[in-house]
Amino acid sequence: MLRYVGTIVTTLMLLTMVGCGGSSHEDVMVKYIENMESMNSVLADIKDAESAKQAGPKIKELGEARAELDVQAKEMGKPTEEAFKAILEKHEERLNKAQEAFGKNFQRILLLGPDVMAELDAIFSELGNSSGPDWTQ
């Protein structure tokens, strides 16, 4: 069970960092949130080991897209403090909602049992530990 907690913590950390995919820092934030919302939609459909297995390809696709966003964000660099605050102010509610849903999804999935978590552990292990850049000021 401890092995799964590590996966969850790593995944939550991964999804609380900001990735990118746009031409501006705000585009980056929006694409990050969209990725997390898409992941939440996939995770919400997991009810058992079979549905976790079926969700695997989409989770992998979203994880790979996230890794690409991380690379792009690193190349882009941090926004100015003023820009960061403005972006956060504009998108913070949506971001917090997505992060909260992710945490609730994982808490729910954890309670589905070790066979479900084994399916997800294999998927997230394959994706690696992409943490993205830290844009906090």
Sorting check: for 89-102, 27-40, which peptide has the highest mean count of neighbouring beta carbons within 10 Å, and how do the rest follow? 27-40, 89-102
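Among 120, 88, rank each residue by its count of other Cβ atoms within 10 Å, from fewest to most, as a rough exposure measure.
Ascending Cβ contact count within 10 Å gives the list 88, 120.
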When you count, for each residue, the other Cβ atoms within 10 Å and take the mean per peptide, how do 64-72, 45-53 rank with the highest first? 64-72, 45-53
What's the exposure ranking of 26, 119, 126, going from fewest to most Cβ atoms within 10 Å? 126, 26, 119
Packing-wise, with mean Cβ within 10 Å as the measure, how do 76-86, 107-117 rank, highest first? 107-117, 76-86
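The numbers here are math on the coordinates, done by the rules we state, and not lab data. For clarity, every value in this text was computed on a predicted model and none was experimentally measured. Glycine also receives a Cβ, built like all others from the backbone with ideal geometry; neighbour counts cover every protein chain displayed.
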